[in-house]
1. Any idea which residue in the stretch 90-117 is surrounded by the fewest Cβ atoms within 10 Å (Cβ to Cβ), counting only those that are farther than 30 Å from Glu390 by Cα and either in contact (Cβ under 8 Å) with a residue 60 or more places away in the chain or basic (Lys, Arg) (or both)?
2. In the set Lys157, Lys126, Lys106, which member is basic (Lys, Arg) and modelled with pLDDT of 95 or more?
3. For the stretch 195-217, state whether one or more residues are within 16 Å of the chain's Cα centre (by Cα) and either farther than 18 Å from Ser124 by Cβ or of a type in the set (D, E, K, R) (or both).
4. How many residues are in contact with a strand residue (DSSP E or B) (Cβ under 7 Å, 6 or more places away or on another chain) and in a loop (DSSP other than H, G, I, E, B) when one looks only at the stretch 234-246?
5. I need the full set of residues from the stretch 304-326 which are of a type in the set (A, V, I, L, M, F, W, C) and either within 11 Å of Met351 (Cβ to Cβ) or surrounded by fewer than 17 Cβ atoms within 10 Å (Cβ to Cβ) (or both), in order please.
6. Could you list, in sequence order, all residues of the stretch 335-358 that are surrounded by 12 or more Cβ atoms within 10 Å (Cβ to Cβ) and hydroxyl-bearing (Ser, Thr, Tyr)?
7. Can you say whether Pro183 is loosely packed, with under 14 Cβ neighbours inside 10 Å and either modelled with pLDDT of 95 or more or outside the structural domain of Thr350 (by TED's automatic domain parsing) (or both), as far as the supplied structure shows?
8. Consider Ile142 against the criteria (1) of a type in the set (A, V, I, L, M, F, W, C); (2) out of contact with any Lys or Arg (no Cβ under 8 Å at 6 or more places or on another chain); (3) over 24 Å from Leu41 (Cβ atoms): it satisfies all of them except one. Which criterion is unmet?
Amino acid sequence: MIKTKIILTTALIVFSTTIFSQSETSPLFNPKASGEATDNLNVGDVAIVVDRGLYPVAKKIYQKKDGMYQVAALDISEWELKNKQNALTWYKANSVYRYYDVKSFKEKTSKYNSTIEAFMWCFSKKFNLNIDVVTGNKNYPIYYIKDAAQKSELTIKLEELSQIIEKEFPSLPNTFLPYANNPVIWKLIAKNRVEMIDCLSKISDPNQTKMVDFYIKEIASAKISAENFKGGTEGLYDGNTYPHMERAVSKSARDEWFKKQDGWNTNTEVIANFNKALDDLKSICIQKIPLLKMSSNLFQYHDVTAETVMKNYLKKPGNLKIYKSGISDPDWIYVKNSVGIILHRYKRGTMWVKNSADDHQLCKALFFVIKEEYTGSGYGKAIINEYSEELRGCP
């Protein structure tokens, strides 16, 4: 649906199975990036690196030289820096980008996923990029606008997304990755929304089987990801695999998704094929999701007031068995405007729970951002500013 070209350059087309090594002579690199650095960063900066999993990760810069940055995890200790081998890692400069809050961006823009997906062909056309460069899929489905109401809805959503990006994420980097992990694609679609809508309006109704085939292939890809997961606190999910894994293990999530589809959700044969694919995925997920545990870093600190606000935010807390609750930040994180005036402060909290109302036997991680607005003389009432949840194994 969309064709894209940005400052991404056609270097995103490069795919590689290069083995990463962790030394100054053989720095890690993003195999989809161009040969030139895109951001001029400094020692001490928090930056985004694209690690061996081709996923944006926040790290701190400790050295800079010869077209490379040496970085380390944000939560690394002084002892680890001095004593742990490979605590510091060298990356090529073209694989280190200016910082943005990856989790916050995904949470605040997640409701626009389906909107952005609709414009991939138009985006790739405008910026002269291959569709697999911006989507990671050579067989990406073609979207179209079916009526004036849908056109109006897409227009409103792109305007909303544009306002969110301009207000909260004004300086997004190009990670050279497909759209799921490349925020500059979202920014450019929102910025060029009039042209994007016009392009999409000119696309006729494609063969519905292409859409179905696309989802079936995504489910198969999710199954491979699940089969390859060996356990730990991360690495099972990404933006494409998680929704299908949730639909695989939860009948209610699956049924709700079917209801939202258009054109094929009344075709019994197609639904049967989807159910078969999701049931196959479920057989793997019920084995692998329990291996996805919670990092202890999420529960390092406690704040009775904040954790009470977290619990009260939930609609039916009585259904929950809470295994752990905590705060990942040792103190409030302050957000200031361009002249240094405090706007608000926040903390990030997590709960590890099991919901008796769920239609599966898995647990969930509930992620919260607790926010307090600055009033000029103090801080207002703590509220939940952001919330998301993911399936996890149980203790």
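The values are calculated or read from the model by the stated rules, or taken from the named source; none is laboratory data. The structure displayed is predicted, hence computed values, not measured ones. Cβ sites come from the backbone with ideal geometry, for glycine too, and all protein chains shown count toward neighbours.
1. Residue satisfying both the conditions and the ranking: Lys92.
2. The conditions single out Lys157.
3. Within the stretch 195-217, not a single residue is within 16 Å of the chain's Cα centre (by Cα) and either farther than 18 Å from Ser124 by Cβ or of a type in the set (D, E, K, R) (or both).
4. Looking only at that region, the number is 2.
5. Listed by number, the residues that qualify are Val304, Met310, Leu314, Leu320, Ile322.
6. Once the filter is applied, which keeps residues that are surrounded by 12 or more Cβ atoms within 10 Å (Cβ to Cβ) and hydroxyl-bearing (Ser, Thr, Tyr), the stretch 335-358 yields Tyr346, Thr350.
7. The answer is no for Pro183.
8. Of the numbered conditions (1) of a type in the set (A, V, I, L, M, F, W, C); (2) out of contact with any Lys or Arg (no Cβ under 8 Å at 6 or more places or on another chain); (3) over 24 Å from Leu41 (Cβ atoms), the odd one out for Ile142 is (2).
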